[in-house]
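Pasting a structure here, questions to come.
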Number of protein chains: 4
Amino acid sequence: MVKVGIIGATGYAGAELVRILLNHKEAQIEWFGSRSYIDENYADIYRNFFELIDADCLGDNMDELASRVDVIFTATPQGFLAGVLNEDILNKVKIIDLSADFRIKDVATYEKWYKIEHKSPQFIKEAVYGLCEINRDKVTTQTRLIANPGCYTTCSILTAYPLVKEGLIDPDTLIIDAKSGTSGAGRGAKTPNLFCEVNESMKAYGVTTHRHTPEIEEQLGYAAGKEITVNFTPHLVPMNRGILATEYATLIKKPDGTYPSYEELKAAYDKYYAKERFVRVLKKGVCPETKWVEGSNYVDVNFVIDERTGRVVMMGALDNLVKGAAGQAVQNMNLLFGFDEAEGLSMVPMFP
Amino acid sequence: MVKVGIIGATGYAGAELVRILLNHKEAQIEWFGSRSYIDENYADIYRNFFELIDADCLGDNMDELASRVDVIFTATPQGFLAGVLNEDILNKVKIIDLSADFRIKDVATYEKWYKIEHKSPQFIKEAVYGLCEINRDKVTTQTRLIANPGCYTTCSILTAYPLVKEGLIDPDTLIIDAKSGTSGAGRGAKTPNLFCEVNESMKAYGVTTHRHTPEIEEQLGYAAGKEITVNFTPHLVPMNRGILATEYATLIKKPDGTYPSYEELKAAYDKYYAKERFVRVLKKGVCPETKWVEGSNYVDVNFVIDERTGRVVMMGALDNLVKGAAGQAVQNMNLLFGFDEAEGLSMVPMFP
Amino acid sequence: MVKVGIIGATGYAGAELVRILLNHKEAQIEWFGSRSYIDENYADIYRNFFELIDADCLGDNMDELASRVDVIFTATPQGFLAGVLNEDILNKVKIIDLSADFRIKDVATYEKWYKIEHKSPQFIKEAVYGLCEINRDKVTTQTRLIANPGCYTTCSILTAYPLVKEGLIDPDTLIIDAKSGTSGAGRGAKTPNLFCEVNESMKAYGVTTHRHTPEIEEQLGYAAGKEITVNFTPHLVPMNRGILATEYATLIKKPDGTYPSYEELKAAYDKYYAKERFVRVLKKGVCPETKWVEGSNYVDVNFVIDERTGRVVMMGALDNLVKGAAGQAVQNMNLLFGFDEAEGLSMVPMFP
Amino acid sequence: MVKVGIIGATGYAGAELVRILLNHKEAQIEWFGSRSYIDENYADIYRNFFELIDADCLGDNMDELASRVDVIFTATPQGFLAGVLNEDILNKVKIIDLSADFRIKDVATYEKWYKIEHKSPQFIKEAVYGLCEINRDKVTTQTRLIANPGCYTTCSILTAYPLVKEGLIDPDTLIIDAKSGTSGAGRGAKTPNLFCEVNESMKAYGVTTHRHTPEIEEQLGYAAGKEITVNFTPHLVPMNRGILATEYATLIKKPDGTYPSYEELKAAYDKYYAKERFVRVLKKGVCPETKWVEGSNYVDVNFVIDERTGRVVMMGALDNLVKGAAGQAVQNMNLLFGFDEAEGLSMVPMFP
């Protein structure tokens, strides 16, 4: 039984980790870390866990925690982990970081987009970007530090990856229009996230400046084999969970001057996802809907060719708290400890 | 492995049964019955099951089905099961009926409230009212026919049961004001259930005439040891899942003329629920919220004494598709086959 | 043209006042008061007013304000107005107070339920409770101070008033189960009011202790001609606007031992409301829905007799920000200045 | 006083027309046409109009109607108006068609995208595309037939128009990602529009094939001075009202090789919209939100330059039932009869 510590257990992603781990056969939570609620009963804060959990919140002392558990999930604000991480900790425990601290390989890029100094750049190189479907071979029992991908990022990358990787689209024409449920904004008490402000409304935000942009560019750049820039626009949607990414790119014509066919693009998706447990390439003509993946670790993807404009419209949907955060983190944990990759992740999507 | 057939698998309650049974270790669905979608792929209708289920919908031939499975769930319109049930079928399979056909012992009462003729009253007496927390000793491996309680009914009864049973309230003063998410209205295409009609609105319906009234009166009447009448008012709420019942009743004064204390009422709740896996009596002062039980088989209950008016306000919350329908049906199945009562029902409530 | 000042213009009720007054022919807003946003452009805070209003927020100096306008609306926290009111101010301007400071005639009752000391009890007697449909004759051009009724209160009182006033129900059996949209909770940044906490959930709150209780009891007590106690339970509903009150009371039998008929109860409602512009007694069998009054100053009411239990179920619906706050305040202003009572209040309910 | 007839008065757009016209000083509705509800009381179907309207629904006999009113609004399914229109009718009344029958000048294009035969192509040339901000000079008291623009179209065109017209972007790179509330799907009873199917979900639909595409291409083609093709993707959002369009296009570099500045693009927007009553160009950095225009005839627009990718991100928001349908239709009526263009359209956006 793996002993688990969570720092940031009282945020939405942290609570989702708890929900998932409660049904995980090989893991047991030892530490519910939360700076804001120290000594409060965890089930008083998240009453869904009443009678399921009887534990008080502890703090965020990584050194102490490292000596008590086998793996630490940090669902913390940007900069926290980079500020406290050291070799001693990494020698004792594995760390799965749900923040962005170790996602971006280039420090200058990180500091530019996040507008904070990186306090432990020496660990960036070692950190493995934990998008299992693409980096599975690097997430091994030897790995010490996982940079768990962002919610928008996971959806955006997996939706376009096969076509970028196979050179079927021009990656510099990529435009990602993403829509997210409000849980992505966290549990902080801010006026713009009040029910009456979000409900019955929709807006874009962080236009051209959202921090997930460089993460998407870096990872899809690896697939493209070159540096790329993309447009990424997030939107806030009046629903709790779910991200839908609609992506546009110009198709690369074949030598004969024609566009690749549906079957050719489908083959690219199948090449990478046919055997994947958590990526579902939908039937022709079916558009992903966030509700069909809610509560589960699935990503649903599909695409439509538009010969009139020479573009392909790609779509992907996932639950931002599961595959976009806690579910993917557990998927990484499973690989780190040699468990079945799907252990604890058999939640069937809940509809309606 | 118990073989399961579902008639009405394409309704919301039927789909929830499927969601639950997919993670049930002892059961396997053999028959997805649906009059409306015969020969269509089940996962084309409920896309959450894509890649999880590969089966076409079959019809509603109970005779054929009875020879192929061990247990049949009927999530069907009122009158269906009563119209086709016979001794031969009951000799072959167990039946868990999610409709109201066998819930009410008095045929005249059934026919008056449901306004249809009961076609097989001979089986009413045998049918066990499957509210496990109250009738557990009657749900045995010998039982052939379960009348699975209604959603409003389960919530309404469990919320008031201990105080009625212990004679702490006057049952004839009981007023039940219940609020339900819209999935309770089913998946039929009706204008009043369109998004734009339900969203941003709230209303009562079926005032003084809702069919769950006699079911509540019968069951709480058993607890009271006499016939009772209650006011029951259902309301439609703009949310998918969840029922909240707010119940009012006059407290019976003690011989010394004082009202029973919080501790005395709490003791009554604990007497019946302390050991129950799926009923949670909340801490003093905490009001049940539907979101804290969403997706799970829990009922959360609590109460507040109002000495000013001499009444107690009782509150209960459950997920209408789980404890109010499919979850309770699986709980009954577990008892019918001697499984752990909680098998397949370990879904942790999902928040947010 | 009447000059208007608003203190608390940046709360939801204040903003609704602004929305209504912009289309009022006889009034012009001179002062947008807001302690939190002084010197900020009002339309930067409520962007619906962009290009409609070009004014900066001012403070809450009542003395200065009193010399610049003809009427002041105070949409402020409890205790504010009582803390600053004086004879000098009242000699200069009329005041319509949307807080509870002057609603309750008995200071001890106010202080008990609101848990604050009343700082200017000397004005309580003079204040007129501005429920126009009932107190219209007291809202005159001579009146200086209006206590604008609460949102729950307006709905709860108007729903039951005719039956209480006519002695058709026993007022001490009255149980009010009220449901409110979330705008009633205000624009303060609190975790329980975040979108993800409210959406897809429902709960009761303030059970037996909500501050609108004594206000309801006082006003319905006047109608009953005696002191009464009632149960009042508010609930939070995942919608922006709207209050629905479902009310239960025991019918008084007629001398011949029968219950009053539908026609007799209807006559009572018509007696008080047939000529009212903003109260609509719905057709027999139609239940009020909050959506049908959204954005308007209407209250829709109706009732159903339950001979089985001897009770009547009364229902009322209004928009908490309009008839429940700002609309009613403008209705009072119209009477105070001798305008057409409906001036500025011709907003047609918006559906969907 | 202009006499108005509405065909399709019981659809959502028809009901919104009624809501607006009730407060219009120069118009009076004489005919509530509805094939489905003939002889039913209009206020029984839309209860928001209870006590405001006392009229029964009439049919869709255009010939009879033409002799009784001055203007007819047809809020009808595609093909209806084209199927019944004739010279005689047009000689008697003005017609404002909210369907697409006369929006597209090229019959073949219409028939290809709408998949129906056009029954009266002879009137297409005469019909004026009623996007007042762009075609105001063609909407005169001489005009007989208005093709009222589509909801997505109005939003999509107005958002990009200044930059296309001024040649600041390459129109063939235009990608329109649009999101709509569910009222755009109409009041027909269809399973995909049920509350439980739409709520808590988001999806694209009609990808590459939505019928508003050729309408956008035609109108923006006029602005560009050439034929263009665009990508247009509509999405369904769990809210009642509102359309948000997020649009992407490549900026045309200036002769010196630099991109146009914020000020240069802003000047283009101001050139066309500074004097427009219903188009608001927001302050720099403010993204349009659908809630800020709800219930009003406003379109809010803004843009962000992305020098990294050489694109501009344009955003527009409107209420699909007002500026996207009924409000714009009334705006056209005002011009057709020489009224103040804003008469009846002074509804202040409702927030929250």
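Residues in segment A:235-245 that are farther than 20 Å from B:Phe351 by Cβ and at the interface with another protein chain (Cβ under 9 Å from one of its Cβ atoms): how many?
Within segment A:235-245, the first condition is being farther than 20 Å from B:Phe351 by Cβ, and the residues that meet it are A:235, A:244-245.
Filter once more, so that each one left must be at the interface with another protein chain (Cβ under 9 Å from one of its Cβ atoms): A:235, A:244.
Total satisfying the criteria: 2.
Now for a different question. How about segment B:278-303: which of its residues are under 30 Å from C:Pro171 (Cβ atoms) and surrounded by 21 or more Cβ atoms within 10 Å (Cβ to Cβ)?
Here is the first cut: in segment B:278-303, the ones under 30 Å from C:Pro171 (Cβ atoms) are B:285, B:287-288, B:301-303.
Result: B:Cys287, B:Pro288, B:Val301, B:Asn302, B:Phe303.
Do the conditions hold for B:Ala75, that is, is it closer than 25 Å to B:Glu217 by Cα, of a type outside the set (Phe, Trp, Tyr), buried (at least 18 other Cβ atoms within 10 Å of the Cβ) and in contact with a Lys or Arg (Cβ under 7 Å, 6 or more places away or on another chain)?
no
Residue by residue through segment B:246-298, note down the ones that are touching a Leu at 6+ places or on another chain (Cβ under 7 Å), in a loop (DSSP other than H, G, I, E, B) and within 11 Å of chain C (Cβ to nearest Cβ).
Once the filter is applied, which keeps residues that are touching a Leu at 6+ places or on another chain (Cβ under 7 Å), in a loop (DSSP other than H, G, I, E, B) and within 11 Å of chain C (Cβ to nearest Cβ), segment B:246-298 yields only B:Pro288.
Something else now. Does B:Ile116 fit the bill of being assigned to a loop (DSSP other than H, G, I, E, B) and under 22 Å from B:Gln219 (Cα atoms)? Let's see the steps before the verdict.
Values: assigned to a loop (DSSP other than H, G, I, E, B): yes; under 22 Å from B:Gln219 (Cα atoms): yes.
Considered against the rule, which asks whether it is assigned to a loop (DSSP other than H, G, I, E, B) and under 22 Å from B:Gln219 (Cα atoms), B:Ile116 comes out as yes.
Take the residues in segment D:316-345 that are assigned to a loop (DSSP other than H, G, I, E, B) and either free of Cβ contacts under 8 Å to residues at least 60 places away in the same chain or buried (at least 24 other Cβ atoms within 10 Å of the Cβ) (or both); name whichever of them is farthest from the other protein chains (Cβ to nearest Cβ).
The first filter runs over segment D:316-345 and keeps only residues assigned to a loop (DSSP other than H, G, I, E, B), leaving D:319-321, D:337-345.
With the extra rule that they be either free of Cβ contacts under 8 Å to residues at least 60 places away in the same chain or buried (at least 24 other Cβ atoms within 10 Å of the Cβ) (or both), the set shrinks to D:319-321, D:340.
Numbers: D:Asp319: 10, D:Asn320: 11, D:Leu321: 8, D:Asp340: 15 Å.
Here the answer is D:Asp340.
So if I check each of C:Thr229, C:Thr250, which one is touching a residue at least 24 places away in the same chain (Cβ under 8 Å), within 22 Å of C:Asp101 (Cα to Cα), surrounded by fewer than 24 Cβ atoms within 10 Å (Cβ to Cβ) and of a type in the set (Ser, Thr, Tyr)?
Working: C:Thr250 fails: within 22 Å of C:Asp101 (Cα to Cα).
Selected residue: C:Thr229, the only one of C:Thr229, C:Thr250 that is touching a residue at least 24 places away in the same chain (Cβ under 8 Å), within 22 Å of C:Asp101 (Cα to Cα), surrounded by fewer than 24 Cβ atoms within 10 Å (Cβ to Cβ) and of a type in the set (Ser, Thr, Tyr).
If you don't mind, another one. It is to be established whether one or more residues within segment D:3-11 are surrounded by fewer than 17 Cβ atoms within 10 Å (Cβ to Cβ) and either closer than 22 Å to D:Gly130 by Cα or within 14 Å of chain C (Cβ to nearest Cβ) (or both). Give the derivation first.
Here is the first cut: in segment D:3-11, the ones surrounded by fewer than 17 Cβ atoms within 10 Å (Cβ to Cβ) are D:3.
So of that shortlist, the ones also either closer than 22 Å to D:Gly130 by Cα or within 14 Å of chain C (Cβ to nearest Cβ) (or both) come out as D:3.
Yes, because at least one residue in segment D:3-11 is surrounded by fewer than 17 Cβ atoms within 10 Å (Cβ to Cβ) and either closer than 22 Å to D:Gly130 by Cα or within 14 Å of chain C (Cβ to nearest Cβ) (or both).
Based on what the data block shows, is C:Ile124 aliphatic (A, V, I, L, M), surrounded by 18 or more Cβ atoms within 10 Å (Cβ to Cβ), touching a helix residue (DSSP H, G or I) at 6+ places or on another chain (Cβ under 7 Å) and free of Cβ contacts under 8 Å to residues at least 40 places away in the same chain? Spell out how you get there, then give the answer.
Working: aliphatic (A, V, I, L, M): yes; surrounded by 18 or more Cβ atoms within 10 Å (Cβ to Cβ): yes; touching a helix residue (DSSP H, G or I) at 6+ places or on another chain (Cβ under 7 Å): yes; free of Cβ contacts under 8 Å to residues at least 40 places away in the same chain: yes.
Yes.
Regarding B:Leu90, is this residue surrounded by fewer than 22 Cβ atoms within 10 Å (Cβ to Cβ) and either part of a helix (DSSP H, G or I) or touching a residue at least 60 places away in the same chain (Cβ under 8 Å) (or both)? Full working, then the answer.
On the way: surrounded by fewer than 22 Cβ atoms within 10 Å (Cβ to Cβ): yes; either part of a helix (DSSP H, G or I) or touching a residue at least 60 places away in the same chain (Cβ under 8 Å) (or both): yes.
For B:Leu90, the condition - surrounded by fewer than 22 Cβ atoms within 10 Å (Cβ to Cβ) and either part of a helix (DSSP H, G or I) or touching a residue at least 60 places away in the same chain (Cβ under 8 Å) (or both) - is met.
So, one more: If you go through segment D:118-159 one residue at a time, how many are in contact with a Gly (Cβ under 8 Å, 6 or more places away or on another chain) and aliphatic (A, V, I, L, M)?
Here the count works out to 4.
Does segment C:42-49 contain at least one residue that is away from every other protein chain (no Cβ under 14 Å) and not polar (S, T, N, Q)?
For segment C:42-49, residues away from every other protein chain (no Cβ under 14 Å) and not polar (S, T, N, Q): absent.
Looking only at segment A:263-283, count how many residues are free of Cβ contacts under 8 Å to residues at least 60 places away in the same chain and under 19 Å from A:Leu244 (Cβ atoms). Reasoning before the result, please.
Keep residues of segment A:263-283 that are free of Cβ contacts under 8 Å to residues at least 60 places away in the same chain, which gives A:263, A:266-267, A:270, A:274-275, A:280-283.
Of the ones still in play, those that are also under 19 Å from A:Leu244 (Cβ atoms) are A:280-283.
Total meeting the criteria: 4.
Further question: A:Ala13 - would you say it is touching a Leu at 6+ places or on another chain (Cβ under 8 Å) and at pLDDT 95 or above? Walk me through how you get there before you give the answer.
Numbers: touching a Leu at 6+ places or on another chain (Cβ under 8 Å): yes; at pLDDT 95 or above: yes.
In short, yes.
Scanning segment D:36-72 for residues that are exposed (fewer than 15 other Cβ atoms within 10 Å of the Cβ) and hydroxyl-bearing (Ser, Thr, Tyr), which turns out nearest to D:Ala127 (Cα to Cα)?
Looking at the filtered set, the residue picked out is D:Ser67.
Select, from B:Gly130, B:Gly181, the only residue that is under 20 Å from the mean Cα position of the chain (by Cα) and facing another protein chain (nearest Cβ under 9 Å).
Working: B:Gly130 fails: facing another protein chain (nearest Cβ under 9 Å).
Criteria check complete, one pass: B:Gly181.
Can I ask one more? Given the conditions (1) within 14 Å of another protein chain (Cβ to nearest Cβ); (2) touching a helix residue (DSSP H, G or I) at 6+ places or on another chain (Cβ under 8 Å); (3) not in a loop (DSSP other than H, G, I, E, B), and given that C:Thr154 satisfies all but one, which numbered condition is not satisfied?
With (1) within 14 Å of another protein chain (Cβ to nearest Cβ); (2) touching a helix residue (DSSP H, G or I) at 6+ places or on another chain (Cβ under 8 Å); (3) not in a loop (DSSP other than H, G, I, E, B) applied to C:Thr154, the lone miss is (1).
Out of C:Val301, C:Val313, report the one residue that is outside any loop (DSSP other than H, G, I, E, B), assigned by TED's automatic domain parsing to the domain that holds C:Ala178 and in contact with a helix residue (DSSP H, G or I) (Cβ under 6 Å, 6 or more places away or on another chain).
Details: C:Val313 fails: in contact with a helix residue (DSSP H, G or I) (Cβ under 6 Å, 6 or more places away or on another chain).
Sole residue among the options that is outside any loop (DSSP other than H, G, I, E, B), assigned by TED's automatic domain parsing to the domain that holds C:Ala178 and in contact with a helix residue (DSSP H, G or I) (Cβ under 6 Å, 6 or more places away or on another chain): C:Val301.
Can you tell which of B:Lys190, B:Lys271, B:Lys275 is surrounded by fewer than 18 Cβ atoms within 10 Å (Cβ to Cβ), assigned by TED's automatic domain parsing to the domain that holds B:Glu294, out of contact with any His (no Cβ under 7 Å at 6 or more places or on another chain) and more than 30 Å from B:Ala13 (Cα to Cα)? Quick ask: steps written out before the conclusion?
Values: B:Lys190 fails: more than 30 Å from B:Ala13 (Cα to Cα); B:Lys275 fails: more than 30 Å from B:Ala13 (Cα to Cα).
The conditions single out B:Lys271.
If a residue has to be facing chain C (nearest Cβ under 9 Å) and charged (D, E, K, R) to count, how many in segment D:50-62 make the cut? Can you show your working first?
Applying the first criterion (facing chain C (nearest Cβ under 9 Å)) to segment D:50-62 yields D:50-52.
Checking the rest, the ones that are also charged (D, E, K, R) come to D:51.
Within segment D:50-62, residues that are facing chain C (nearest Cβ under 9 Å) and charged (D, E, K, R) number 1.
Does A:Ala100 satisfy being exposed (fewer than 14 other Cβ atoms within 10 Å of the Cβ) and either on the phi > 0 side of the Ramachandran plot or of a type in the set (Gly, Ala, Ser) (or both)?
Working: exposed (fewer than 14 other Cβ atoms within 10 Å of the Cβ): no; either on the phi > 0 side of the Ramachandran plot or of a type in the set (Gly, Ala, Ser) (or both): yes.
Against the criterion (exposed (fewer than 14 other Cβ atoms within 10 Å of the Cβ) and either on the phi > 0 side of the Ramachandran plot or of a type in the set (Gly, Ala, Ser) (or both)), A:Ala100 does not qualify.
Restrict the check to segment D:207-222 and report whether at least one residue is within 7 Å of chain A (Cβ to nearest Cβ) and on the phi > 0 side of the Ramachandran plot. Break it down into steps so the answer makes sense when it comes.
First, the residues of segment D:207-222 that are within 7 Å of chain A (Cβ to nearest Cβ): D:207-208.
Applying the additional criterion that residues be on the phi > 0 side of the Ramachandran plot yields D:208.
So far as segment D:207-222 goes, yes, one or more of its residues are within 7 Å of chain A (Cβ to nearest Cβ) and on the phi > 0 side of the Ramachandran plot.
Among the residues of segment D:7-41, write down those that are of a type in the set (Val, Ile, Thr) and in contact with a Ser or Thr (Cβ under 8 Å, 6 or more places away or on another chain). Before you say what the answer is, go through the steps one by one.
Step one: list which residues in segment D:7-41 are of a type in the set (Val, Ile, Thr), which gives D:7, D:10, D:18, D:20, D:29, D:38.
Correct list: D:Ile7, D:Thr10.
Taking segment B:22-53, which residues are of a type in the set (A, V, I, L, M, F, W, C) and either touching a residue at least 60 places away in the same chain (Cβ under 8 Å) or assigned to a loop (DSSP other than H, G, I, E, B) (or both)? Quick ask: steps written out before the conclusion?
Just the residues of segment B:22-53 that are of a type in the set (A, V, I, L, M, F, W, C), to begin with: B:22, B:27, B:29, B:31-32, B:38, B:43, B:45, B:49-50, B:52-53.
B:Leu22, B:Ala27, B:Ile38, B:Phe50, B:Leu52, B:Ile53 - these are the residues of segment B:22-53 that are of a type in the set (A, V, I, L, M, F, W, C) and either touching a residue at least 60 places away in the same chain (Cβ under 8 Å) or assigned to a loop (DSSP other than H, G, I, E, B) (or both).
Which one of the conditions (1) closer than 25 Å to A:Arg280 by Cβ; (2) crowded, with 22+ Cβ neighbours inside 10 Å does A:Asp137 fail to meet, given that it meets all the rest?
Checking A:Asp137 against (1) closer than 25 Å to A:Arg280 by Cβ; (2) crowded, with 22+ Cβ neighbours inside 10 Å, the one that fails is (2).
Which ones in segment A:93-113 are outside any loop (DSSP other than H, G, I, E, B), among the charged types (D, E, K, R) and closer than 22 Å to A:Thr153 by Cα? Write out each step before concluding.
As a first pass, look at segment A:93-113 and keep what is outside any loop (DSSP other than H, G, I, E, B): A:94-97, A:107-113.
Among the residues that remain, those that are also among the charged types (D, E, K, R) are: A:94, A:97, A:111-112.
Those that are outside any loop (DSSP other than H, G, I, E, B), among the charged types (D, E, K, R) and closer than 22 Å to A:Thr153 by Cα: A:Asp97, A:Glu111, A:Lys112.
The values are calculated or read from the model by the stated rules, or taken from the named source; none is laboratory data. Predicted, not measured: the structure shown is a model, and the values here were computed from it. In this analysis, Cβ positions are derived from the backbone assuming ideal geometry, glycine residues included, and neighbour counts consider all displayed protein chains.
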